[in-house]
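Working notes, structure below.
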Amino acid sequence: MKDSKRSLELWAFLVPALLILVVFYFLPTILTIFISFTPLRNWNIDRYARIFAGWRNYYRLFYAIQNDPSVRAVFLTTAVFVPVTLAINVLGGLALALINFFVGKRSNALINTIWLLPRMTPIAVYSLVWYYFFHGSEIGTLNSILIKLGIIHRAVSWGQEFLPYGAWSVIIFVNGLVGVSFGMIVLSSAVKSIPTEHIIAARVDGATDWQLCRRILIPQIRWHIMYVATWQLLSLLTSYAHTYLLVSWRLVDKSYGTPWALYVYELAFTGVFDQGLAAASGVFLVIVGAILGWLTLKILGFNKLVTEPRGDL
Amino acid sequence: MVTGDVETKGRIKEIFYLGVLLALSAPILVVFVLLVISSFGNQMATNFDFSAFRFTLKNWRLLFEGRMAITGGVRENIWLHFLSTAVVAGGVAFLTTFVGALTGYAISRIKFKGRKILLLSMLLIHALPGSVLIVGVYFLYRVLMPQNLVFIRYFSFFYVILARAALEVPLSVWLMKGFFDLLPWETEWSALVDGASRFLVWRKILLPLIKPGIVAVLIFGFLAGWQDLIYVRTFLIDRTLATFIESNLETEMAYMPLLAAAATFYLLPTIVFYISSQQLLFKVYAGGIRR
Amino acid sequence: MAMVEVRRVTKTFGKVVALSNVSFTIEDGEFVVLLGPSGSGKTTLMYLIAGIYKPTSGQIFFDDVEVTKVPPKDRNVGLVFQNWALYPHMTIFENIAFPLTLKKMRLSQIKEKVLQVAQMLHIDSFLDRYPWQLSGGQQQRVAIGRALVKEPKILLFDEPLSNLDALLRLNVRAEIKKLQKDLKITSVYVTHDQAEALAIADKIVVLNNGFVVQIGTPDEVYTKPSHTFVASFLGNPPANLLEANLSTEEKIAYIGKSGLKHPAFDLLLRSGEKSFILAFRPEHATISTHPTSNSISCFVYTVEPMGREQIVTLQVDEHFFKVITSVDQKLEPGQNVYVLIDLSKILVYSSKTGERLF
Amino acid sequence: MKKFFVFLLVLVSVLMFAKSLEEGIIEVGRNLEKNGISEVRYSVWSSGDPNSVIRVQGIVEAARRINNIWSKNNIKVKITIRETRYELDFTQMYQEFLSKQPLGTAGDFLVNSYVYIASLAEEGYLLDISKYASKYSNFMADFYTTQVDAARYKGGLYGLPQDTEARPFYIRRDIAAKVGLDLIDLDKKVAEGKFTWLDVYKWAKETVNKQASEWGLIHRRGTAHPDLMQFILAFGGTLYDSKTNKLVLDVSAVYKWLMIEHVFSKEKLLPSDMMAWDWAKQVHPAIVDGKTLFDIGGTWYWTEWQTKNYYTDPKTGQTRGLTPEEVKNWFYYTLFPAGEPGKKPVTLSQPFMWMISSKAGSQNPKYAALKETYDELAFLVVAMASSSDINAIHSIISAHLPVSQQAAKLLADEKWLTDLYNLNIDLDDSVKTVLRDIVKATVHPINAKFLTDVAYMLEYTNFPPMHPMYPKLAAIFAETVDNVLRGRMTPDKAVEFVIGKINADLDLKQNILIVGQIPADWRFGD
């Protein structure tokens, strides 16, 4: 009687999350796998959902990977985009957090506001401002600045020239800025939670800023850095929204501007709305994500994250 | 509370660091300042050539008339779009926080089987891409939706809020769990000994104590809902500011300064929200993922 | 009012045994102190009584009713925490009234009861303030008030005074004692401060490493510690423990080179013990500068004046012990002195088990 | 002979059984009233340039007219338009319609490019109106047949023409004069195939060499569909094989097209980053400021230049819109010239259609029982919205071509134009509100004349293929053109690239016929 009451209470706490897990993650994942075996397109569930297409979507996918250089470019782009953006996210976030540590509180507020803008800006608007910033003609902000400074003499199509590096640079830059703020916030607060005594002691011992960072600050927030890195890794693997418009507006080259998640999105939402194929390539992405996520937890040492609750209630 | 370095450094060095920071932030500053300038202009300010640039309030006037064109254009009720955006954002904020607070509490404070697995899955499902899930989520929507059009409209709000909030739940659970981890057990026990149920303790005692965390998670949820485009476009019958702007952002025919005004208008609530809550945000992250 | 019985309770946390096979009874209206150093399991034991922890094995009874698995809210206990655990977002009134509001009592009734408790604790003028606006002592009273207001069967205190400064501690201690006597409420009080325990308790349960070492009145525990641990834990300074070797022929116990005679040593010899631990309290010995019979020859190590009296640390071979004397007696470090122990107060413990032999 | 009799039979039956719209409206209204329906609610979704508001307001007006007919005949039923949604981006509107139609939450009426009929009809998202088209054949007779035919797919009729367009090849008169390009009767020469892309190239080069203008040619950015597809047609190529219902990759024509892009870009007659230009800050300003001799555009450019401030007035340094006179005096227009001698000039239309969702009216009471009636009413609504005056208004204010003879006649009626300018015509007040500033900006005899003058181009018109895979193919072309312009690929490599992309995608591979080969001896340029 008492125990059942207790478990009833527990359920009350867990049911909403479990429902969401099941309805919006578990079922859709199953459905996605299911859809990858149907010829679903144009959202026409009534017509296609009951047709079994076998491995056809997977066959098409691997056929495209084998034969279409653009799809191979998508692979390459993902392989470059994810780690490099991740590095920028983490290192940038760390750098900002450390500089934040060294400057006064009021400056902190200013910097934080600026760096949170990318995260707070609606995606379409965010894409629009970078579209004009990187535009490959004199109207582009970057070009006009560099020309005025005499660094370049003609406008450069940043996302279209020097392929693939141009396109990669632009999408990495634009996505990187969004992620930096996450690292900045988490790491700033982690730095702030380091006891002052350590810093006073280091300063008394005559540590320079750099030594303070290397010997005191960074080692103490190592775990937070790992957390940011893994969370962002998973985020980047699945991010597509900030790149989508840049590609469709031709600011960046299509092949080298498309990471895998965007490729999936484009299959499902543009052109012939091929949701079957999108599901198949999505399943592929999910498998990669699951492996990386699992590795992540191995590295993070998951058990360290969870302390046992006290009491026997 | 410690907020930074001890004061052993000269003013010049601090200014130097600040300079480095501002230089790093320059691109962001530039693009957003240009956006705001454009909203008051007769053309997009994209380079620093202002010879043909003229100040005007016309963009803002047209925007509030609900027109996204300098001539023509159908009038839309932008305040209605604003309202539906706010409903979605508010709903996502509430739901994310509610679920986060419940589950975060349970994971932090209650012993049960599968507790670790639940926390683990909260990290792992983050690896499931929204663009993949949405096909399945659409499928479910199709199955679940009512037939009556009036109900569908409400249902679409309900569903889009649920679906969008679901994407934010992993982070909010983690943040909330971290925050509950920091609370002293005695406070909770005291209430339990006094005769409160766990649920009552959660609601009456612990929630008020993590108010900063709740506010911050609310804000994150709000921003996520406010920004969302793809879920809203796919499921919601009404339009939000995001879909309204997006559908008018067609580079071939759109009058861009007007869109800059719309974008600035769209950004305002989020900036106000952020500035009023900045300190809270940093606190919650500090608690959020503490070991 | 209630009687509490703890029967063969064991509590483990993973591989760590916090309490092993603990049994004792608390009589109705009795004030019991759980005393022990940190890590001895005293707080765990109290949480078990409160219901916050569940025993790994064993049972707990309130008035012969088993409550082992009853959740805390149904046990009707009042608990005062070390950090008082006041709810920072509630006023003092709301804090005290909280247990009553949970019982869905009428507001007028709640007001009446809260006021009654507040007056009793002299905090009735702070009722509309918030905890952070109060001093430590006042917060302490609020915590007690909150525990009392629901008229619990048992009142539990978890080191309630440790966050107060020394002077305040003495006052509050006295008040708690008086309150408990007035209300005749069964109370369990956890502390690591032996003086507090001696001052306040009807009965002391001494715990060490998860074991109950001794249960008794303060007097029993102080004068007849059942174990060297208890002897060395109680008293300020605690009892002196000296290793003594018994000479079979002379029936004399040697502490260093000084021999000590005691009628009870005969008994020891019969049990075959050759060495034992001799214990006496610092106030039960006198120092003289010239030898007398049955005295121990030793050197003065340090002298610490304490106002009325002084604590003299003495060295015999490699052993040190303390004696309290009047400040009038002038002693110099290094001086050779003779210590005469009040034989009637001598206690003897087994050097193997630490148990008291007589 | 047999065919003739069938034709005669159809003609007679049409004349005997065909009904007027008004009769139909009354009949449907009575039927609804009998079934206890007093209000019918519809929503309309459309998209396109900001001036094409008739694409939604036409329905509002049509509803008012039907309501008038009903009230005149004492029928107590009313149509209410509960939602009008208008978006600039028609691709996105299509996307939204596609995802919401299956849910029953999309608009009941949709105006969008006819190319989407293929996929929408294929999935059963559109109402087949052929039954009503034959029932009201009198009404249908006024449409240009080619335009109606564009709405046919696999034996069904899925839309009524809303507007159409021609894609004039614009030539700056002042620059032409500077380099000595004689514009007198040039349009005739183009029409006869005597002025081809070889000449375009020659004059473009001349212009740039003489620095008469910065560029020789400007064309659209971003996509290859629809403007650039004209190249394939101008080289006698084709995009669609009606026998197999497959798309066609005409290697020879595509190669020649890409060669033109390649040569123009290499010789800096055409910007190499053309595909990434910004419409508002680059494409239109370059044209109106006289930075190019030739421009591949659309009829709607004509008013676009008047209503938006693309032009920088050298006298004031301010940007402003052009006046109708300026547009007329500065721009000459012809058909899209033939690719090479012996080929024909072309133009390409992407007509926009009134489409009806297959679930139109489903939110109304007794839908299941009265589906037939609701469907017919939906047809009658769009039919009403196709009234010649509504169609003519749309043409003049958005610079699209009318789709019916009557509408074309109205455009030539100066009195009607004046009335329209003053909004002195019978229109719903809400429609007038929306139109007010547009008519002031666009209704002008010069603009009307322009539309009448380019109407002849419709004889040369082609439609992009209506095939579900066409958007995919067009996207590949866009990527390829970009690559060629930027000098990443030579035309032969580019053709290989296209073929490679097609073969890499099993769907495309099955749906595209690759015909012809790269003409070995074909040369373009110097």
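The values are calculated or read from the model by the stated rules, or taken from the named source; none is laboratory data. Keep in mind that this is a model prediction, so the values were computed, not measured. As a convention, Cβ positions derive from the backbone with ideal geometry for all residues, glycine included, and neighbour counts pool all protein chains shown. Side chains are part of the model used for accessible areas, which takes the heavy atoms of the whole protein and leaves out ligands, DNA and RNA. Shrake-Rupley method; radii C 1.70, N 1.55, O 1.52, S 1.80 Å.
Suppose the filter is closer than 30 Å to D:Ala407 by Cβ, within 12 Å of another protein chain (Cβ to nearest Cβ) and of a type in the set (Gly, Ala, Ser); does D:Ala474 pass it?
Details: closer than 30 Å to D:Ala407 by Cβ: yes; within 12 Å of another protein chain (Cβ to nearest Cβ): yes; of a type in the set (Gly, Ala, Ser): yes.
Yes: the conditions hold for D:Ala474.
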**Message:** Under 8 Å between Cβ atoms, which residue pairs at least 6 apart in sequence (or on different chains) link something in region A:158-175 that is free of Cβ contacts under 8 Å to residues at least 24 places away in the same chain and within 12 Å of chain D (Cβ to nearest Cβ) with a partner that is assigned to a helix (DSSP H, G or I) and open to solvent by less than 60 Å² (accessible area, probe 1.4 Å)?
**Reply:** none
**Request:** Please specify each residue of region D:504-523 satisfying the condition of being in the same structural domain as D:Val248 (by TED's automatic domain parsing), of a type in the set (D, E, K, R) and either over 29 Å from the mean Cα position of the chain (by Cα) or not in a helix (DSSP H, G or I) (or both).
**Result:** D:Asp505
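Given the structure, is B:Ala261 at pLDDT 90 or above and not assigned by TED's automatic domain parsing to the domain that holds B:Ala52?
yes
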**Request:** Look at region D:235-269 and say how many of its residues are within 14 Å of chain A (Cβ to nearest Cβ) and part of a loop (DSSP other than H, G, I, E, B).
**Result:** 1
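Is it the case, given these coordinates, that C:Ser23 is farther than 25 Å from C:Lys184 by Cα and within 22 Å of the chain's Cα centre (by Cα)?
On the way: farther than 25 Å from C:Lys184 by Cα: no; within 22 Å of the chain's Cα centre (by Cα): yes.
In short, no.
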**Fill in**
Restricted to region B:95-133 and to residues being of a type in the set (Ser, Thr, Tyr) and within 18 Å of the chain's Cα centre (by Cα), the residue farthest from the other protein chains (Cβ to nearest Cβ) is B:Thr97
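Using the structure shown, decide if C:Phe93 is assigned by TED's automatic domain parsing to the domain that holds C:Ser162 and open to solvent by 20 Å² or more (accessible area, probe 1.4 Å). Full working, then the answer.
Numbers: assigned by TED's automatic domain parsing to the domain that holds C:Ser162: yes; open to solvent by 20 Å² or more (accessible area, probe 1.4 Å): yes.
Yes, satisfied.
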**Prompt:** For A:Asn89, all conditions in the list (1) within 12 Å of chain B (Cβ to nearest Cβ); (2) over 29 Å from A:Ala280 (Cα atoms) hold save one; what is the number of the exception?
**Reply:** (1)
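Give me the residue from region D:305-317 that is surrounded by 14 or more Cβ atoms within 10 Å (Cβ to Cβ) and more than 16 Å from D:Asn51 (Cα to Cα) and, out of that set, nearest to the chain's Cα centre (by Cα).
As a first pass, look at region D:305-317 and keep what is surrounded by 14 or more Cβ atoms within 10 Å (Cβ to Cβ): D:305-312.
Next cut, more than 16 Å from D:Asn51 (Cα to Cα) only: D:310-312.
Numbers: D:Tyr310: 23, D:Tyr311: 25, D:Thr312: 29 Å.
Among those residues, the one meeting the criterion is D:Tyr310.
Looking only at strands (runs of 3 or more DSSP E) that lie completely in region C:234-274, which have at least 3 residues being open to solvent by 20 Å² or more (accessible area, probe 1.4 Å) and not polar (S, T, N, Q)?
On the way: elements: C:240-247, C:252-255, C:258-260.
Correct list: empty, since no element meets the threshold.
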**Residue check for A:Ile185: modelled with pLDDT under 85, surrounded by 21 or more Cβ atoms within 10 Å (Cβ to Cβ), in contact with an Asp or Glu (Cβ under 7 Å, 6 or more places away or on another chain) and within 14 Å of chain B (Cβ to nearest Cβ)** = no
**Request:** Among the residues of region B:245-266, write down those that are more than 22 Å from D:Asp278 (Cβ to Cβ) and at the interface with another protein chain (Cβ under 9 Å from one of its Cβ atoms).
**Result:** none
**Asked** Is at least one residue of region A:235-248 outside any helix (DSSP H, G or I) and either of a type in the set (Phe, Trp, Tyr) or more than 9 Å from every other protein chain (Cβ to nearest Cβ) (or both)?
**Response** yes
**Asked** Given (1) in a helix (DSSP H, G or I); (2) within 13 Å of chain B (Cβ to nearest Cβ); (3) crowded, with 17+ Cβ neighbours inside 10 Å; (4) of a type outside the set (Val, Ile, Thr), where does A:Leu19 come up short, assuming only one miss?
**Response** (3)
**Message:** Looking only at region D:261-303, count every residue that is crowded, with 23+ Cβ neighbours inside 10 Å, among the β-branched types (Val, Ile, Thr) and touching an Asp or Glu at 6+ places or on another chain (Cβ under 6 Å) and tell me the total.
**Reply:** 2
**Asked** Within region D:72-88, can one find any residue that is touching a residue at least 60 places away in the same chain (Cβ under 8 Å) and farther than 30 Å from B:Tyr138 by Cα?
**Response** yes
**Fill in**
Note on region D:423-446: residues within 17 Å of D:Ser398 (Cα to Cα), open to solvent by 10 Å² or more (accessible area, probe 1.4 Å) and not aliphatic (A, V, I, L, M) are D:Lys432, D:Thr433, D:Arg436, D:Asp437, D:Lys440, D:His444, D:Pro445
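Considering every residue within region B:145-158, establish whether at least one is open to solvent by less than 10 Å² (accessible area, probe 1.4 Å), more than 10 Å from chain A (Cβ to nearest Cβ) and within 30 Å of D:Gly104 (Cβ to Cβ). If you could, list the steps in order and put the result at the bottom.
Of region B:145-158, the ones open to solvent by less than 10 Å² (accessible area, probe 1.4 Å) are B:152, B:156.
Remaining after also requiring more than 10 Å from chain A (Cβ to nearest Cβ): B:152, B:156.
Okay, now just the ones that are also within 30 Å of D:Gly104 (Cβ to Cβ), so B:152, B:156.
Yes - at least one qualifying residue is present in region B:145-158.
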**Complete:** Per the filter on region B:120-144, residues closer than 17 Å to D:Thr105 by Cα and buried (at least 24 other Cβ atoms within 10 Å of the Cβ) are B:Val137, B:Tyr138
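Just checking, how many residues over region C:102-118 are at the interface with chain B (Cβ under 9 Å from one of its Cβ atoms) and without any contact (Cβ under 8 Å) to a residue 40 or more places away in the chain?
In the first step, residues of region C:102-118 are kept if they are at the interface with chain B (Cβ under 9 Å from one of its Cβ atoms); the result is C:102-103.
Add one more test, that the residue is without any contact (Cβ under 8 Å) to a residue 40 or more places away in the chain, and what stays is C:102.
Qualifying residue count, region C:102-118: 1.
Taking only region A:265-291 into account, find how many residues are assigned to a helix (DSSP H, G or I), within 11 Å of A:Tyr244 (Cβ to Cβ) and not aromatic (Phe, Trp, Tyr). I'd like the intermediate steps shown before the answer.
Filtering region A:265-291 down to residues assigned to a helix (DSSP H, G or I) leaves A:265-269, A:275-291.
Now restrict to residues that are within 11 Å of A:Tyr244 (Cβ to Cβ): A:265-266, A:269.
From what is left, the residues that are not aromatic (Phe, Trp, Tyr) are A:266.
Summing the residues that are assigned to a helix (DSSP H, G or I), within 11 Å of A:Tyr244 (Cβ to Cβ) and not aromatic (Phe, Trp, Tyr) in region A:265-291 gives 1.
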**Message:** Residue pairs, Cβ under 7 Å, 6 or more apart or interchain, first in region D:504-525 and within 21 Å of D:Trp197 (Cβ to Cβ), second open to solvent by 20 Å² or more (accessible area, probe 1.4 Å) and in a strand (DSSP E or B). List them.
**Reply:** D:Gly516/D:Asp250
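Among the helices (runs of 4 or more DSSP H) contained in region B:24-142, which hold 2 or more residues that are under 30 Å from D:Ser430 (Cβ atoms) and at pLDDT 85 or above?
Numbers: elements: B:58-64, B:78-109, B:115-124.
Helices (runs of 4 or more DSSP H) meeting the threshold: B:58-64, B:78-109.
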**Prompt:** Only one of (1) of a type in the set (S, T, N, Q); (2) within 14 Å of chain B (Cβ to nearest Cβ); (3) surrounded by 23 or more Cβ atoms within 10 Å (Cβ to Cβ); (4) part of a helix (DSSP H, G or I) is not met by D:Ser99, so which one is it?
**Reply:** (3)
**Message:** List the residue pairs whose Cβ atoms are under 6 Å apart, where the first residue sits in region C:278-301 and is within 28 Å of C:Ser226 (Cβ to Cβ), the second is among the small types (Gly, Ala, Ser) and part of a strand (DSSP E or B), and the two are 6 or more positions apart or on different chains.
**Reply:** C:Leu278/C:Ala244; C:Ile296/C:Ser258
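When residues of region D:326-375 are filtered for being touching a residue at least 24 places away in the same chain (Cβ under 8 Å) and open to solvent by 20 Å² or more (accessible area, probe 1.4 Å), how many remain? Explain how you work it out, then say what you get.
Step one: filter region D:326-375 for residues touching a residue at least 24 places away in the same chain (Cβ under 8 Å), giving D:327-366, D:369-370, D:373-375.
Then keep just the ones that are open to solvent by 20 Å² or more (accessible area, probe 1.4 Å); that gives D:328-330, D:332-333, D:340-344, D:358-359, D:362-363, D:365-366, D:369.
Number satisfying all stated conditions: 17.
So which residues in region B:220-238 are assigned to a loop (DSSP other than H, G, I, E, B) and open to solvent by less than 10 Å² (accessible area, probe 1.4 Å), if there are any at all?
Going through region B:220-238, the residues assigned to a loop (DSSP other than H, G, I, E, B) turn out to be B:228-229, B:236-238.
Of everything in region B:220-238, just one residue is assigned to a loop (DSSP other than H, G, I, E, B) and open to solvent by less than 10 Å² (accessible area, probe 1.4 Å), namely B:Leu236.
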**Prompt:** Filtering region C:53-95 down to residues that are closer than 20 Å to C:Thr186 by Cα and β-branched (Val, Ile, Thr), which residue is farthest from the other protein chains (Cβ to nearest Cβ)?
**Reply:** C:Val65
